[in-house]
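Below: the structure, in structure tokens.
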Amino acid sequence: MKFLHDILEKQRPLFERGGKFEKLYYLFEAIETFLFTPAEVTKPKGVQVRDAIDLKRLMMTVVIAMIPCLIFGIWNVGEQHYIATGKVGSFWDKFLFGAIKVIPIILVAYASGGTVEVIFAIIRKHPINEGFLVTGLLIPLIMPATIPLWQVALATVFAVLVAKEVFGGTGMNILNVAMTARAFLYFAYPSDISGEVWVVSDGEKFVDGYSGATALAIAASVSAANPSTNSTTLITDALTAANNGMFSFYNLFMGFVPGSIGETSTLMALIGAAIMISCGVASWKIIFSVFLGAYLTGIIFNLIPGEPRPYFCLPAHYHLVMGGLAFGAVFMATDPVSSAQTEIGKWIYGFLIGFLTVLIRVKNPAYPEGIMLAVLLMNVLAPLIDFYVVQANKRKRLKRALAV
Amino acid sequence: MELLIRSTFVDNMIFAYFLGMCSYLAVSKKVNTALGLGLAVVFVLTLTVPLNWLINEYVLRPGALSWISPDFATVDLSFLTFIVFIAVISGFVQLIEMVIERFSPALYAALGIFLPLIAVNCSILGASLFMIGRSYDFGNSIIFGFGSGLGWLLAIVALAAIREKMKYSNVPAPLRGLGITFILVGLMSLGFLGFMGMKI
């Protein structure tokens, strides 16, 4: 470590003011602070916030919290491939297959996002921080493993540029950057990201009777095919019947199903949530209220009488484990920049995300999944929620002050 | 009810049709001013759409005048549609302008030129024309006018809240002001795409 530090220190004069690569100072600074603790500390005098969490540590905690999802996702890509082609493989075979598919996507997302970030940092002279490590890992996790790499690059560049850098970089974006990347691909190349088959085939044929569709796609198509049945078990039966019982509640919860790389496992998302909540990085209020909102909306749809579409009757707890709801609630909705900032606002914000997710799933035949658009929409409305929460608080305190 | 939700969220005037952009972009710097203008738009829309419906039904559309006498059954005054609608809208805007000036001079000053400009706000004329194009009945035209206004109100206060928050953002100098707002509105409509195609 000492020797690495010496190498860096030797280069320092080149990058400081008046040095040869003065313009690239922030690149140097980024590499230095990635590797070592910055030397400056707050001076002992004066008013200051004392907290172990700074932006760096916060972002790295999120990255660590994503690792369970990532590792499970890599394995699951392999697992789904082996199931779909009817072959038998060991744990490491599956993991290796998944890694070959997933690692390039991550590298491309990091390289393209990082390039944009560095260019902006140099031109606009702002430091590079770990935010892009989070975004660059979130983006692969919400893509299907079959996504073409150039689309990953395009979406990442678009999202980092338009959703983040034009607003001034980290901490100033309005929309969640990773969700913007996905939404961009979703509307620009719908066939690649909302297609029927979510399993990497690699030229091998699927076994007979296997479909690579996600649980949400099956639920939507069953619901559309039997518009006037009022059976509560139609969808759960269809899910259980598909692919030899692959979509049992247990499998949906554990994540042994086709889907985007990191989103399938509710369990892994909850582990990530536990890490982030225990470190004080993510707001438990948002996560909890997203689940609550989705669950209550599911129940309300169950109770609506005379609605003849079977999707309405899907047991509410299925909504919580299908698709990307858990992943979105834990990693997307809690984005500290684009979510609501006030405490009451967080409850409203999370609840409406859950509500809108289920509403879009059930009511909107155009989109099988709702969490992406629900998060984006609530990102748009979060400042408004905050504004009115703050106003209400002001009025309350003013009243109290006047009453005395 | 269905129509109300549809016209507020699914067919949002701003995010689905990009109508009424000029005052939308100009008066969205503060939430309270935006709210004032938004309420004015709701009011004007709720009253003008049904009024224009009546005018269209009984005066303007082909054969509308036959209630006076059967001789007029062949008269078609629909070439007057635009000018009559605009006249009705301007009348209402004048009315609301006087009301705001009387009861809230602060808001009147804050809205400035954009209050009379509601008269040429495309979303208001647009709503009247959509109402004819989609052949709503009288009840529906009230709901549609109200819903469209509500959608516009929601859009403008949401944008205003974001812009208040963005005061702390470090936007690149060439994009400050309208440039970033255009990008922002584009991104906001991305969020609203979730409603597109929703069956209510």
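What FRET efficiency comes out for A:Ala403 versus B:Arg102 if R0 is 30 angstrom and r is the Cβ-Cβ distance? Round to the nearest 0.05.
0.40
Just to verify a number: FRET efficiency for B:Phe138 and A:Val63, C-beta to C-beta distance, R0 = 45 Å, to 0.05?
Efficiency computed from Cβ-Cβ geometry: 0.15.
Rounded to the nearest 20 Debye, what is the dipole magnitude of chain B about its Cα centre when Lys and Arg each give +1 and Asp and Glu each give -1 at the C-beta?
Dipole of chain B, to the nearest 20 debye: 860 debye.
Along the Cα→Cβ direction, 7 angstrom out, place labels at A:Ile71 and A:Thr33. What is the inter-label distance in nm?
About 2.9 nm separates the two model spin labels.
Find how many whole Å separate the alpha carbon centroid of the range A:135-163 from the alpha carbon centroid of the range B:23-77.
That distance is 46 Å.
Chains B and A: buried accessible surface, both sides, probe 1.4 Å, rounded to 100 Å²?
Buried surface at the B/A interface: approximately 2800 Å².
Residues of the range B:172-194 losing 10 Å² or more of accessible surface, assembly versus chain alone, probe 1.4 Å, please list them.
Hits at the 10 Å² cut-off: B:Pro172, B:Leu175, B:Ile180, B:Ile183, B:Leu184, B:Leu187, B:Met188, B:Leu190, B:Gly191, B:Phe192, B:Leu193, B:Gly194.
Could you state the angle between the C-alpha long axis of helix A:343-363 and the longest principal axis of the C-alpha atoms of chain A, as a value from 0 to 90 degrees rounded to the nearest 10?
40 degrees
Express the Stokes-Einstein translational diffusion coefficient of the range A:215-394 in µm² s⁻¹, to the nearest whole number, given a Kirkwood radius over alpha-carbon pairs, 20 °C and a viscosity of 1.002 mPa s. Could you put the intermediate results ahead of the total?
Values: Rh = 16.6 Å.
It comes out at roughly 129 µm²/s.
Specify which residue in the list B:Ile83, B:Ser23, B:Leu175 is farthest towards the positive end of the charge dipole of chain B, using unit charges on the beta carbon of Lys, Arg (+1) and Asp, Glu (-1), about the Cα centre.
B:Leu175
Less than 21 Å apart at the alpha-carbon level, and either on another chain or at least 8 residues along: which lysines does that give for A:Lys10?
Result set, ordered by chain and number: A:Lys2, A:Lys20, A:Lys23.
Given a 1.4 angstrom probe, I'd like the percentage of the accessible area of the protein assembly as shown that is carbon and sulfur, rounded to a whole number.
That fraction is 69 percent.
Kindly express, to the nearest 10 degrees and within the range 0 to 90, the angle between helix A:177-188's C-alpha long axis and the longest C-alpha principal axis of chain A.
The angle comes out near 50 degrees.
Please list, short to long, the whole-number percent of alpha-carbon pairs of the protein assembly as shown in consecutive 20 angstrom bins beginning at zero.
18, 46, 29, 7, 0, 0
Separation of the range B:127-192 and the range A:344-395 by C-alpha centroid, Å?
17 Å
The range B:153-170: which residues show an accessible-area loss of 50 Å² or more, assembly versus chain alone, 1.4 Å probe?
With the partner chains in place, the range B:153-170 has these residues losing at least 50 Å²: B:Ile162, B:Lys165, B:Asn170.
So what J values fall out for the range A:323-339 if you push phi through Karplus, 6.51 cos²θ - 1.76 cosθ + 1.60 with θ = phi - 60°, rounded to Hz, Gly and Pro as x?
Result, rounded to whole Hz: x, x, 4, 5, 4, x, 5, 7, 9, 9, 5, 7, 2, x, 8, 8, 8.
How long are the three semi-axes of the equivalent ellipsoid of chain B, in whole Å, if each is the root of 5 times an eigenvalue of the C-alpha gyration tensor, listed from largest down? Could the numbers behind the result be given before it?
Working: eigenvalues 227, 78, 36 Å².
After diagonalising the Cα gyration tensor, the semi-axes are 34, 20, 13 Å.
Could you give the longest part of chain B that holds none of the trypsin sites (Lys or Arg not before Pro) found in DSSP loops with at most 13 neighbouring Cβ atoms within 10 Å?
Longest site-free region, per DSSP loop and neighbour criteria: B:1-133.
For the range A:45-130, run through the trypsin sites (Lys or Arg not before Pro) and keep only the ones in DSSP coil with at most 15 other Cβ atoms within 10 Å of their Cβ.
A:Lys45, A:Arg50, A:Lys87, A:Lys125
Note down the magnitude of the dipole of the protein assembly as shown about its Cα centre, charges +1 on Lys and Arg C-beta and -1 on Asp and Glu C-beta and zero elsewhere, to the nearest 20 debye.
1920 debye
Taking DSSP loops as anything outside H, G, I, E and B, show the longest stretch in chain A free of GluC sites (Glu not before Pro) there with at most 15 other beta carbons within 10 Å.
In short, A:205-404.
Kindly report the accessible area of the protein assembly as shown per residue (heavy atoms of protein chains, probe 1.4 Å, no ligands, DNA or RNA), in Å².
45 Å²
What's the average, rounded to a whole number, of partner chain beta-carbon atoms within 10 Å of each residue's beta-carbon in A:174-186? Can you show the working numbers first?
Working: counts 11, 6, 0, 0, 0, 2, 3, 0, 0, 5, 1, 0, 2.
Whole-number average of other-chain Cβ neighbours for A:174-186 is 2.
When Lys and Arg each count +1 and Asp and Glu each count -1, what net charge do the other residues less than 14 Å away from A:Leu4, Cβ to Cβ, add up to?
With Lys, Arg at +1 and Asp, Glu at -1, the neighbours total 0.
Take the alpha-carbon positions of the range A:77-163, form their convex hull, and give its projected area averaged over all directions (one quarter of the hull surface) in nm².
Averaged projected hull area, Cα only: 6.1 nm².
Can you work out ³J(HN,Hα) from phi for every residue in the range B:184-193, in order, using Karplus 6.51 cos²θ - 1.76 cosθ + 1.60 and θ = phi - 60°, giving whole Hz and x for Gly and Pro?
Those phi angles translate into 4, 5, x, 5, 5, 5, 4, x, 6, 4 Hz.
Tell me the label-point distance for the pair A:Lys20, A:Ser191, using the 7 Å Cα-to-Cβ offset, in nm and rounded to one decimal.
Placing both labels 7 Å along Cα→Cβ, they lie 5.2 nm apart.
The values are calculated or read from the model by the stated rules, or taken from the named source; none is laboratory data. Owing to the predicted nature of the structure, the values given are computational and were not obtained by experimental measurement. We place every Cβ from the backbone using ideal geometry, glycine too, and count neighbours over all the protein chains shown. For accessibility, only protein heavy atoms count, side chains too; no ligands or nucleic acids. Shrake-Rupley method; radii C 1.70, N 1.55, O 1.52, S 1.80 Å.
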